[in-house]
Amino acid sequence: MQTDVAGVSGQGTNRPHAPIAGDIRITVPISSMCLIEDDGTIIDDPFSIVLQPGYEVTALDDAEQNRLLDGPYRINAFVRLEILGQISQEEHDFHDEAQRRQLSELVIGTLSKLSLCVRGYFSAAYAVIDRFDGSIWRRESYLSTGEPSYDLRCAHVPKSRLSTWATLLDEWPSEPDAALTLSVNYYRESLLDRAQGNFSRALVSSAIATEILFGKGNGELGTLISTRAAHLVARGNNAFEVQKMIKKLYGKRSSVVHTGKGGGKAEVDLWHQFLMHALPSVAAWGGTVAELHSALDAASFRRGDALDRLLDEDGWWAFCNFVMCLRASSVQ
C-alpha cells in the first residue's frame, strides 16, 4: 500500500503533474535512513510519500537494495529521494563542473533540511539524472556529490517528521544568506562526526556553525555569541539560562582546540538541539544575518516585533524548543 505524507492511501494530493517531455529528474539513494511509525515500528511495507510537489521519498525493493550494495559505491540504502521539476528544461551540459556542482548543492541542501528536523546524518554519495522524452525516462548522467559513502548506523526517521521536512523545503528562502548556508553545512559535518563517535570534533563543528551565525562583531567572542544566541531563541529569564549554557559550551570548544580534550555526547546533543532551533529561526528572519545581528544586539534594551515573531510557537520554524531541551538535558 502506498501512502502520502498525510497517511492517506492512494496517490496523494501533493503529487506533481505528470511528467512532460524535457522534464529532468534526480534520483538519490539515501544511505542509513529508515522510516518508522511514531511508536518506533520500522515501516517495511512499500511506500511512496510526496513531501512537496517535486520531492518524493520511495522505499527501495530488495533488488534495488542489492544492486546498490554490489555497485561501485556499495551504498546501504533502504529509500530513495526523487527530485522533479526543480531544474529548468533548458539544455544542460551535465558534464560541466559548475552545473554538476549546482546539482550536488541541490541534493545536499535537500538532505540538510531533513537533518534539521531529524538529528541524523543522511549521506548521498551519488545521484542519477534522467530526462523524460515524452514516453519514458532516459538516463542522462550519473552525479557524484563528492561525499563518500559512509557505512553508518541507520537513523530512524519518524513518519510524522516528513511533514516538517516538507515544510522546511517549502518555506526555506530561495536565496539564503551565505552565512546561513555555511552554518548549516558545518552543522551537518557535526552530525557526521557524532555518528562516527568523534564527539570532540562534533563539538568544534557545532561551535563553528554557531560562530558563523553570531560571531561577527566587536567584543569578547563567547559573550557576543552566547548573548545573540539567547535573544534569538528566548526572552527574559529563559534567555538568561540559554546565554549561560551557550557560553559554557563555547568554552568547551576552546578546551578541545587547545588541549584536545572536552566535550561528550550530552554536550554535542544539546548543541545540536540549539542549532535545530536557531538555524530555521534565522531562515525565517527574512533579512540578512547582519540585520539580524543589529536586532539581537538591541534586544537587551528593546525587542523589535520582527524578532519577537521568531518566538511564535506556531511558526513553521518552531519545531524544536531549545529551552525545553536545555531543562531536560543532563548537561549542567
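Candidates are the residues of the stretch 60-74 that are hydrophobic (A, V, I, L, M, F, W, C) and assigned to a helix (DSSP H, G or I); the one that is surrounded by the fewest Cβ atoms within 10 Å (Cβ to Cβ) is Ala63.
Is it true that Ala328 is small (Gly, Ala, Ser) and either open to solvent by 40 Å² or more (accessible area, probe 1.4 Å) or more than 26 Å from Asp170 (Cα to Cα) (or both)? So Ala328 fits the description; yes. Any residue at all in the stretch 163-174 that is of a type in the set (Asp, Glu) and within 17 Å of His277 (Cβ to Cβ)? Checking the stretch 163-174: at least one residue is of a type in the set (Asp, Glu) and within 17 Å of His277 (Cβ to Cβ). Against the definition (surrounded by fewer than 21 Cβ atoms within 10 Å (Cβ to Cβ), among the β-branched types (Val, Ile, Thr) and either under 21 Å from Gly262 (Cβ atoms) or at pLDDT below 95 (or both)), how does Ile208 come out, yes or no? Answer is yes for this residue.
Scanning the stretch 261-291 for residues that are of a type outside the set (S, T, N, Q) and open to solvent by 50 Å² or more (accessible area, probe 1.4 Å) returns Lys261, Lys265, Gly286, Ala290, Glu291. For the residues Ala318, Ala278, Ala290, the requirement of being closer than 18 Å to Leu213 by Cβ and more than 20 Å from the chain's Cα centre (by Cα) singles out Ala290. A Cβ distance below 9 Å, combined with a sequence gap of six or more or placement on separate chains, defines the contacts here; from the stretch 282-297, residues that are in contact (Cβ under 8 Å) with a residue 24 or more places away in the chain and of a type in the set (Asp, Glu) reach residues that are assigned to a helix (DSSP H, G or I) and buried (at least 18 other Cβ atoms within 10 Å of the Cβ) in the pairs Asp297/Leu224; Asp297/Thr227; Asp297/Arg228; Asp297/His231. When Arg80, Arg131, Arg100, Arg139 are checked against the criterion of being outside any loop (DSSP other than H, G, I, E, B), touching a strand residue (DSSP E or B) at 6+ places or on another chain (Cβ under 7 Å) and exposed (fewer than 13 other Cβ atoms within 10 Å of the Cβ), Arg139 stands alone in meeting it.
For the stretch 308-332, enumerate the residues that are closer than 20 Å to Ser226 by Cα and either of a type in the set (Asp, Glu) or touching a Ser or Thr at 6+ places or on another chain (Cβ under 7 Å) (or both). If the condition is that a residue be closer than 20 Å to Ser226 by Cα and either of a type in the set (Asp, Glu) or touching a Ser or Thr at 6+ places or on another chain (Cβ under 7 Å) (or both), then Asp308, Leu310 are the ones that fit.
Can you pull out the residues in the stretch 1-59 that are aliphatic (A, V, I, L, M), touching a strand residue (DSSP E or B) at 6+ places or on another chain (Cβ under 8 Å) and either assigned to a loop (DSSP other than H, G, I, E, B) or modelled with pLDDT under 85 (or both)?
At the first step, the residues of the stretch 1-59 found to be aliphatic (A, V, I, L, M) are 1, 5-6, 8, 18, 20-21, 24, 26, 28, 30, 33, 35-36, 42-43, 49-51, 57, 59.
Filter once more, keeping what is touching a strand residue (DSSP E or B) at 6+ places or on another chain (Cβ under 8 Å): 1, 5, 20-21, 24, 26, 28, 30, 33, 35-36, 42-43, 49-51, 57, 59.
Met1, Val5, Ile20, Ala21, Ile43 - these are the residues of the stretch 1-59 that are aliphatic (A, V, I, L, M), touching a strand residue (DSSP E or B) at 6+ places or on another chain (Cβ under 8 Å) and either assigned to a loop (DSSP other than H, G, I, E, B) or modelled with pLDDT under 85 (or both).
Residue-wise test of (1) free of Cβ contacts under 8 Å to residues at least 24 places away in the same chain; (2) surrounded by 20 or more Cβ atoms within 10 Å (Cβ to Cβ); (3) not hydrophobic (A, V, I, L, M, F, W, C).
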| site | (1), (2), (3) |
| --- | --- |
| Pro148 | no, no, yes |
| Val157 | no, yes, no |
| Leu162 | no, yes, no |
| Ser174 | yes, no, yes |
| Val184 | no, yes, no |
| Tyr187 | no, yes, yes |
| Gln196 | no, no, yes |
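When the stretch 294-304 is limited to residues that are modelled with pLDDT of 95 or more and open to solvent by 50 Å² or more (accessible area, probe 1.4 Å), the one that is farthest from Asn237 (Cα to Cα) turns out to be Ser294.
The values are calculated or read from the model by the stated rules, or taken from the named source; none is laboratory data. Computed from a predicted model, the values in this text were never measured in an experiment. A quick note on method: Cβ atoms are made from the backbone with ideal geometry, for glycine too, and the neighbour counts reach across all protein chains shown. The area values use the complete protein model at the heavy-atom level, side chains included, leaving out ligands, DNA and RNA. Shrake-Rupley method; radii C 1.70, N 1.55, O 1.52, S 1.80 Å.
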